[in-house]
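Presented below is the structure to which this report refers.
The values are calculated or read from the model by the stated rules, or taken from the named source; none is laboratory data. Just so we're clear, the structure is a prediction, and the values are computed from it rather than from any experiment. Cβ: placed from backbone, ideal geometry, glycine included. Neighbour counts: every protein chain shown. What goes into the accessible areas is simple: the full protein's heavy atoms, side chains included, and nothing from ligands, DNA or RNA. Shrake-Rupley method; radii C 1.70, N 1.55, O 1.52, S 1.80 Å.
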Amino acid sequence: MQPFPQQRSYDVCIVGSGAGGGMAAYALTLAGANVVLLEAGGPWDNTKDSAMLTWPYESPRRGASTKERPFGEFDACIGGWEIEGEPYGRAPGTEFNWWRARMVGGRTNHWGRISLRFGPYDFKRRSRDGLGDDWPISYDDVAPYYDKIDKLIGIFGSREGLPNEPDGVFLPPPRPRCHELLVKQAADRLRITCIPSRLSILTRPLNGRAACHYCGQCSRGCKVNANFTSTNVLIAPALATGKLTLLTNAMAREVTVDRGGRATGVAYVDKTTGSDQHVRARVIVLAASALESARLLLNSTSSLFPNGLANASGTVGKYITDTTGTDVAGFIPKMMDHVPHNHDGVGGMHLYMPWWLEDAKLDFPRGYHIEVWGGPHQPGYGFMGGIQRSPAGGGYGKQLKDDYRRYYGATIGFSGRGEQIPSDDCYCEIDQHTLDRWGIPVLRFHWKWSDHEYKQVKHMQETFRALIAEMGGEVFSPMPSAERGYGIAAGGTIIHELGGTRMGDDARTSVLNRWCQAHHCKNLFVADGGPFVSQADKNPTWTILALAMRTSEYIADQMKKGAL
């Protein structure tokens, strides 16, 4: 690539505007740094662009999915597992799907807002079961930052005192809905811990943002900012400082370095013109998502870094994980012919089940949590599809209409979200023979679940079926066989991919140090899910935010000391 002409230099260049990038922009601009933020997608403002209160019947599609909105045409997130002109490869035998968002705020525009802290055990799992690796930091190192983001962003929940499910600075949780009360009763009888969920949705006004009005459409983007998005909770305040320059439709190509191996900036493609551009900065923060950041480093080759920037250990792209997942739903007769009542609530569950068998002797390590769904909800495309599976359901005409009314809300389902053990079998690499539409080499994935994950998902399936039976219900589908992996979701499907630039104290086996700073390029940092050493049985966003804030405060401190 030809050298770029000299231009303005920033203190910090951040790649990616999701949870990690948004937090880095917020923290660093408030610390006084001049920051440029590159986002591969276009502009988006949930207060203006959301379809929050659009009725399905207002669209001829009734809310059905589109190519750029796989979760429905009203969903807030633009992107998907397949993006035109941006392919990726899979090694033979690999089942892996890679979700990418292409918009300001990234995946924070449509995620479920399940905001769980990693617990003390999660940072030191190898010390407990001998599998994987311990993090170089502990819960106590991250706890102050969890507290800060609780207060800044807002989260509801209840103080339970569970040893590996740390309590936070909680707003009051919403009351359980009717179907959730049935779930709670069944869980109590089966001695499965069931508590109020922990979601970053405001039940009280906070920091100038309104409380949730319970329309239940969080995935569409909130017009009143009652739920968390990077877009308006982090990036908007950063822009208000006057110290943030936001460049949209900027597809990062590589991190550039000088002759001494120091990062000098980021080369990117202006997607609106197709032209190659470059920004200069004293410090580079990658927050493009775990796998996109790994791709960027692997593509940043030079005579000093022939295998990719910060990849002297050979571990960039290695030890990637995703959450294990499977689902079971059933017909619950007690929810039939119910008295019409107000079922409003947040756009997500009001109850969930954290891992309750930490010290039990099972045939798999680690654990999972259970997410609850079902009951009455706003009808849309595909509403009550499969009604013929209900007793005497189906038919046509008046009988079918009556059955829809009788069975409306009588489905309750469970989703398991568990921890995968990192292994040598799961990694990504550059496919030099395939380029995206911008001429950038793409990733090829290698993926293999182990017996640990299969046995864990089998336990999920058995537990969910026991819960449905305890409620007097009937499961819609038979137990998946071992040949079908007990119904385990393909890698990437849960959209919790982590690792690829893991942190560690040993530069021979890790990419970053405990501050998410590259071992071999001191002014390069990673602030997304890449630094994670392990997955945990918790959704990762709250930990991405906490680590990004911690890293950003470290960067600001080091810049003031002249160390960067």
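Please go through the range 216-268 and write out the trypsin sites (Lys or Arg not before Pro) that DSSP classes as loop and that have at most 16 other C-beta atoms within 10 Å.
The qualifying sites are ARG259, ARG262.
Highest mean first, how do 71-80, 298-307 rank when packing is the count of other Cβ atoms within 10 Å averaged over residues?
Going by the mean number of other Cβ atoms within 10 Å, highest first, we get 71-80, 298-307.
Taking the DSSP beta bridges in the chain as the whole, what percent of them are antiparallel, to the nearest 5?
70
How much accessible area per residue does the chain have, counting only protein heavy atoms and a probe of 1.4 Å, in square angstrom?
40
Rounded, prolate or oblate, given the Cα gyration tensor of the range 237-295, with a/c below 1.5 counting as rounded?
rounded
Over the chain, calculate the relative contact order: mean separation of alpha carbon pairs under 8 Å at least 6 apart, over the residue count, as a percent.
RCO, the chain: 23 percent.
Just to confirm a number: summing +1 for Lys and Arg and -1 for Asp and Glu over residues other than ASP11 whose beta-carbon lies under 9 angstrom from that of ASP11, what do you get?
Within the 9 Å Cβ shell, the charges total +2.
With all protein chains present, calculate the accessible area of ASP537 using a 1.4 Å probe and round the result to the nearest 10 Å².
About 10 Å², rounded to the nearest 10.
Size of the dipole of the range 70-168 about the Cα centre, Lys and Arg at +1 and Asp and Glu at -1 on the beta carbon, nothing else charged, in debye to 20?
Rounded to the nearest 20 debye, it is 140 debye.
Would you work out the relative contact order for the range 443-563, in percent, from Cα pairs under 8 angstrom that are 6 or more residues apart?
With pairs under 8 Å counted, the relative contact order is 16 percent.
Count the net charge of all other residues whose Cβ sits under 14 Å from the Cβ of LEU512, scoring Lys and Arg as +1 and Asp and Glu as -1.
Result for the local shell: +2.
Of LYS271/LYS318; LYS318/LYS538; LYS318/LYS448; LYS361/LYS458; LYS318/LYS522, which pairs sit farther than 23 Å apart, going by alpha carbon to alpha carbon?
LYS271/LYS318, as the Cα separations exceed 23 Å there.
Enter the angle in degrees (range 0 to 90, nearest 10) between the Cα long axis of helix 139-153 and the first principal axis of the Cα atoms of the chain, meaning the one along which they spread out most.
The two axes meet at around 70 degrees.
Report TYR88's accessible area, 1.4 Å probe, all protein chains in place, as a number in Å² to the nearest 10.
We get 30 Å² for TYR88.
Quick one: helix 19-30 against the long Cα principal axis of the chain, what's the angle to the nearest 10°, folded into 0 to 90?
In the chain, helix 19-30 runs at an angle near 50 degrees to the longest axis.
Using a probe of 1.4 angstrom, how much of the accessible area of the range 124-195 is carbon and sulfur, in percent?
C and S fraction of accessible area: 49 percent.
By average Cβ neighbour count within 10 Å, what is the ranking of 518-527, 169-178, 496-505 from highest down?
Sorting 518-527, 169-178, 496-505 by mean packing, highest first, produces 496-505, 518-527, 169-178.
May I have the extent of the alpha carbons of the range 169-225 along their three principal axes, as whole Å values ordered from largest to smallest?
Result for the range 169-225: principal-axis Cα extents of 42, 25, 14 Å.
Taking amide H positions as placed 1.01 Å from N in the peptide plane, with prolines and chain starts having none, which residues 5 or more places from GLU254, or on another chain, fall under 5 Å of its amide H?
ALA267
Using the alpha-carbon atoms, what tilt in degrees (0 to 90, nearest 10) does helix 541-560 show relative to the longest principal axis of the chain?
That helix lies at roughly 20 degrees to the long axis.
Let me have the 222 nm mean residue ellipticity of the chain computed from DSSP H runs of 4+ only, each contributing -39500 (n - 2.57), with the sum over all residues rounded to the nearest 500.
-6000 deg cm²/dmol, from helical runs alone.
In the range 355-400, what trypsin sites (Lys or Arg not before Pro) fall in a loop by DSSP, with at most 11 other Cβ atoms inside 10 Å?
Taking the range 355-400 and a limit of 11 other Cβ atoms within 10 Å, the loop trypsin sites (Lys or Arg not before Pro) found are LYS361.
Testing the spin-label approximation: label points 7 Å from Cα along Cα→Cβ at ARG128 and THR509. State their distance in nm.
Rounded to a tenth, the inter-label distance reads 2.0 nm.
Along Cα→Cβ, 7 Å out, is where each label goes; now give me the distance between the ones at THR66 and ASP147 in nm to one decimal.
Result for the modelled spin labels: 4.5 nm.
How big is Rg to Rh over the chain, alpha-carbon atoms, Rh as the Kirkwood inverse-mean-distance radius?
0.96
Which aspartates and glutamates have a Cα less than 13 Å from the Cα of LYS561, not counting those fewer than 8 places away in the same chain?
Result set, ordered by chain and number: GLU553.
Relative contact order of the range 80-217, please, whole-number percent, based on alpha carbon pairs below 8 angstrom and at least 6 residues apart.
21
Using a 1.4 angstrom probe on the protein heavy atoms only, line up ASP436, ASP557 by accessible area, largest first.
Accessible-area ranking of ASP436, ASP557, largest first: ASP557, ASP436.
First compute the accessible area of the range 370-445 with a 1.4 Å probe, then give the percent of it belonging to carbon and sulfur atoms.
Roughly 51 percent, rounded to a whole number.
Give me the percent of accessible area attributable to carbon and sulfur for the range 460-549, probe 1.4 angstrom.
52
Would you mind putting 282-293, 191-202, 90-101, 329-340 in packing order, based on average other-beta-carbon counts within 10 Å, highest first?
Per-residue Cβ counts within 10 Å, averaged per peptide and sorted highest first, yield 282-293, 191-202, 90-101, 329-340.
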